[in-house]
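Heads up, the thing below is written out as structure tokens.
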Amino acid sequence: SLQNEINEVPFFDIQLPYELALKIFQYLGKTELGRCAQVSRTWKVLAEDEVLWYRLCQQEGYLLDTSISDGSCWKLTLKTCRAREHTLKTNWKNRIGAVSQLQYELGKVLCDVHSCDGVVIAGYTSGEVRLWDTRTWDYIAPILEPTHGPGDAGPQPHVSFVRINSSLAVAAYEDGTISVWNLMFGREPVHHYQHNQRIQALALGSEGATVATASGFQVKVESPNDRGFWQTTATFEIQKLVNFLNLVPDVLGSPVTVAAAEDIVYLLKAEDPGKILHSVYGQPVTCLDVSAREAAFGVKTFGWLLNEPNQILLYNLETSQCLRKMGNSMGNFTCVNLHNSPPNMLVTGNKDRRVRVFDLRKSQSLCSLYAHQLGVSAVQMDDWKVVSGGEEGLVCVWDQRMGTKLWEMHARHPVRHVWFNSHSLITANIPEEKTPRGASIMDDDFTAHRKHRGVIYAYEFSVDQLAVESVLPICRSSYDEVTGYNYNIGLAVPYDSI
């Protein structure tokens, strides 16, 4: 090939060895390489060298787990990846894709929902715990078996909390029992333990196998030992009832838990059992989230008395220092998302109906979005969009830089869970009322059931759009207008090409 014949590359009035010229070209971006390719035949070969385009692919975050020998034309690969990302963005903005409800039987009311990488776990008033893998469009929903004792013939206790990560699923029940399942090993629990009282909070590590639970004035941390046997790693006695509980991700050695109990935030480590991270008497914590190095939580102050409005505090977990106080709102901060936000960013929801995005290096909010009539209940953001859910049942998708709402969806109950990645979105509307009046007639009355049960939606904006392909061709429309909402109008107006 021509590349093998080029030993010297003309650089103005000097000749450079190919490797040295390649080193210079490594500092150029896509546009500059395109311009250089038009200079001469030799420069074109150099500007299209696989090494340069492979590096650009890696720099832009595409195909990070591949090596240069895995592809034959990295320039084309980068072009394809960028086009795919652009299409995904357009699909998100115009709500082009497929939406499905994760269905379940009559007479059961949704209690809690959690998800990890498109796998959804849901717990019901019947005591059932279900899994869905939304990454395949023909969802099957296996039921995870509870641990039954010999005398457990009666009705099962309600599920209080469910959590899932890439390898484990955990459920806590109203009677204080906790079951842990390994997603690789079938539907029987691999571990089961009991608290004497009702469980206030449940946390599962984002990776690995650590479960933390709070009941009464006790926080318990459980994880398997080197031989795979589960055991209690640590037990902490604290003075107040826990409202929020999180395990700090990416911790080497013994697990670290952050617990918010009324107006105290504890940093619970095995070697330092009762460390208080933050405490101001009479100022309760209203929401909590932790990342590998920081904890962010909302604090309710007596704003109208002391002229000090409610704030989000950011603490460094290694130094236990308060890094920043952000926001000043008359409403309580009801939710905060630090762990899933881009670097140096965090997003919060408030009772005053606003979603606020903060830069952790400043105290002022970057943008404030006004949406939810009864207050915000769930938020998540990435580098360009924010998804928020409200107590009134509305899910809103926002363009963060423009500060504008792209679209919204409504369901009857408060939004308690929002999760998204580049191509999918999962939302859950969970009823406050777990035993609606006339619950006995719900068992065979589908209308009453739909009204009271709660709902989980899975949206897929993927370029491949498997779910759309599953629609019979005769039901599809040739309508493909992408400006504005199309609401899958292709399904609403069939036969227009006949």
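Taking 60 Å as R0, compute the FRET efficiency from the Cβ-Cβ separation of S69 and H410 and round it to 0.05.
0.75
Run the numbers for T235 and S167: contour at 0.36 nm per residue of separation, minus the present Cα-Cα distance, in nm. Could you put the intermediate results ahead of the total?
Values: separation 68, 0.36 × 68 = 24.48 nm, distance 2.38 nm.
My answer for the length gained is 22.1 nm.
Let me cross-check E32: its accessible surface, 1.4 Å probe, with only protein heavy atoms counted, in Å² to the nearest 10?
In the full protein context, E32 sits at about 80 Å².
Enter the Cα centre distance for the pair region 38-62 and region 245-266, rounded to the nearest angstrom.
Computed from Cα coordinates, the inter-centre distance equals 46 Å.
Hey, which lysines would be in cross-link range of K351, C-alpha to C-alpha under 17 Å, not counting anything within fewer than 8 residues on its own chain?
Within the straight-line cut-off, K351 pairs with K300.
How many percent of the accessible area of region 138-257 is carbon or sulfur, using a 1.4 Å probe? Before the final figure, lay out each step's value.
Numbers: 2970 of 5870 Å².
About 51 percent, which is the carbon plus sulfur part of the accessible surface.
When every alpha-carbon pair in region 93-227 is counted, what percent end up more than 24 Å apart?
On the way: 2719 of 9045 pairs.
Distances greater than 24 Å cover 30 percent of the Cα pairs.
Dipole of the chain, Cα-centred, from +1 at each Lys and Arg C-beta and -1 at each Asp and Glu C-beta, to the nearest 20 debye?
1260 debye
Using the heavy atoms of the protein chains and a 1.4 angstrom probe, tell me the accessible area per residue for the chain in square angstrom.
With the other protein chains kept in place, the chain gives 50 Å² per residue.
With Cβ to Cβ distances under 11 Å as the rule, what net charge do the other residues near G454 carry (K, R +1; D, E -1)?
+4
Please arrange F446, F185, F236 by accessible surface area, largest first, computed with a 1.4 Å probe and ligands excluded.
The residues order as F185, F446, F236, largest area first.
For the chain, calculate the relative contact order in percent as a whole number, restricting contacts to Cα pairs under 8 Å that are 6 or more residues apart.
Across the chain, relative contact order equals 10 percent.
Quick one: what Rg and Dmax do you get for region 323-377 from the alpha carbons, in Å?
Both quantities, over Cα of region 323-377: 10.6, 32 Å.
Quick check: at a probe of 1.4 Å, how many percent of the accessible area of region 38-117 sits on carbon and sulfur atoms?
After summing per-atom areas, the C and S share lands at 52 percent.
Using a Förster distance of 25 angstrom, determine the FRET efficiency expected from the C-beta separation of E145 and D117, and round it to 0.05.
0.60
Along the positive direction of the dipole of the chain (beta-carbon charges: Lys, Arg +1; Asp, Glu -1; about the Cα centre), which of L241, T66, T125 reaches farthest?
About the Cα centre, the residue reaching furthest to the positive side is L241.
For region 286-388, which trypsin sites (Lys or Arg not before Pro) are in a loop by DSSP, counting at most 10 other Cβ atoms within 10 Å?
Values: sites: R293, K300, R324, K325, K351, R353, R354, R356, R361, K362, K385; in loops: R293, K300, K351, R353, R361, K362.
Those satisfying the criteria are R361.
Rank F229, F25 by accessible area, highest first, at a 1.4 Å probe radius?
Sorted by accessible area, descending: F229, F25.
Give, as ranges by residue number, the residues of region 363-377 whose backbone N falls under 14 Å from the point 7 Å along Cα→Cβ of N328.
Counting only backbone N, you get 363-365.
Put +1 on the Cβ of every Lys and Arg and -1 on every Asp and Glu Cβ in the chain; which of L46, C396, N421 then has its Cα farthest towards the positive end of the dipole?
Final value for the positive-end residue is C396.
Which value at 222 nm does the chain reach when only helices count, each DSSP H run of 4 or more adding -39,500 (n - 2.57), with the total divided by all residues and rounded to the nearest 500 deg cm²/dmol?
Roughly -4000 deg cm²/dmol at 222 nm, from the helical runs in the chain.
Excluding same-chain residues fewer than 8 positions from K30, which lysines have a Cα within less than 27 Å of its Cα?
Candidates past the 8-residue exclusion: K44, K75, K79, K89, K93, K385.
Any chance you could look up the accessible area of R55 with a 1.4 Å probe, heavy atoms only, rounded to 10 Å²?
Approximately 100 Å² for this residue.
Kindly report, to the nearest 10 Å², the accessible surface of Y315 as traced by a 1.4 Å probe over protein heavy atoms only.
20 Å²
Give the carbon-plus-sulfur fraction of the accessible surface of region 341-458 in %, rounded to a whole number; probe 1.4 Å, heavy atoms of protein chains only.
Carbon-and-sulfur percentage of accessible area, whole number: 48.
How do C57, C81 rank by accessible surface area computed with a 1.4 Å probe, from largest to smallest?
Listed by decreasing accessible area, they come as C81, C57.
Which values, in whole Å and largest first, are the semi-axes of the equivalent ellipsoid of region 34-97 obtained as the square root of 5 times each eigenvalue of the Cα gyration tensor?
27, 16, 8
From the Cα gyration tensor of the chain, with a ≥ b ≥ c the square roots of its eigenvalues, which class applies: rounded if a/c is under 1.5, or else prolate if a/b is larger than b/c, or else oblate?
Prolate, because a/c is 1.5 or more and a/b exceeds b/c.
The values are calculated or read from the model by the stated rules, or taken from the named source; none is laboratory data. For clarity, every value in this text was computed on a predicted model and none was experimentally measured. Please note: Cβ atoms are built from the backbone with ideal geometry, for glycine as well, and neighbour counts cover all protein chains shown. Side chains included, ligands, DNA and RNA excluded: accessible areas come from the protein's heavy atoms. Shrake-Rupley method; radii C 1.70, N 1.55, O 1.52, S 1.80 Å.
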